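Here's a structure for you.
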Amino acid sequence: MIKQISHLGMAVNNLEEAREFYRSVFGLESSEPIIGGDGDIKVSMVEVGGVLIELLQPIGSEGVMAKFLEKRGEGFHHICYEVDDIDTEIASLKASGVEVIGEPNLGAEGMSVFLHPRGTHGVLVELVEKKE
């Protein structure tokens, strides 16, 4: 069962410029960058009213985020919902015919998996079971 929105993923070309924009224009601080994905993404979180904006910059020219930016440019990438039990959610979604992309992997906030936009009305959806 979905508990709440965890974060909104935003693809950016330059993480430091994006962090500075959120700080100087909106007065919002961001977390120190970490390396995510398979080592091909730099990530920083900006909190806004209890919801996080995940700023995502590709490292190098390969990988999902680099390909996304090349094809679509900067902007909204995905929405992430927090769930209690990711394995139960995956089983339920698959039984409903929703296409799950791959297997759960450890991400910035916990175990996560993506749902293909074909089955979610055109939006890439991530589910996360947060770390305790």
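Could you run the Karplus curve 6.51 cos²θ - 1.76 cosθ + 1.60 with θ = phi - 60° over region 49-55 and give me ³J(HN,Hα) per residue in whole Hz, x for Gly and Pro?
Ordered by residue, 3J(HN,Hα) equals x, x, 10, 9, 9, 9, 8 Hz.
While we're here: Rounded to the nearest whole Å³, what is the per residue volume of the convex hull around the Cα atoms of the chain?
Values: hull volume 14.8 nm³, N = 132.
Spelled out: Cα convex hull of the chain, divided by residues, is 112 Å³.
Give me the percent relative contact order of the chain, please, defined on Cα pairs under 8 angstrom at least 6 residues apart. Write out the running numbers ahead of the final one.
On the way: 267 pairs, mean separation 33.6, N = 132.
Worked out over the chain, it gives 25 percent.
Kindly state, as a whole number, the per residue volume in cubic angstrom of the convex hull around the alpha carbon atoms of region 38-115.
Output value, Cα hull per residue: 115 Å³.
With N set to the residue count of region 1-62, report its C-alpha Rg divided by 2.2 N^0.38 Å to two decimal places.
Computed over Cα atoms of region 1-62, the ratio equals 1.15.
Antiparallel DSSP bridges in region 2-130: what percent, to the nearest 5?
If we restrict to bridges inside region 2-130, about 75 percent are antiparallel.
How far apart, in nm, are two points set 7 Å out from the Cα along the Cα-to-Cβ line at GLU29 and at VAL51?
2.3
While we're here: Where does helix 86-95 land angle-wise versus the long Cα axis of the chain, in degrees 0 to 90, nearest 10?
Approximately 60 degrees, to the nearest ten.
A further question follows. Just for the Cα atoms in region 90-132, what are the lengths along the principal axes, largest first, rounded to whole Å?
That works out to 30, 20, 14 Å along the principal axes.
By a straight-distance test (C-alpha under 25 Å), which lysines pair with LYS42 as possible cross-link partners, with residues fewer than eight away in the same chain excluded?
LYS67, LYS71, LYS130, LYS131
No lab work stands behind these numbers, since they all come straight from the coordinates. This is a predicted model, so every value here is computed, not measured. Don't worry about glycine lacking a Cβ; one is built from the backbone with ideal geometry, like all the others, and counts go over all protein chains shown.
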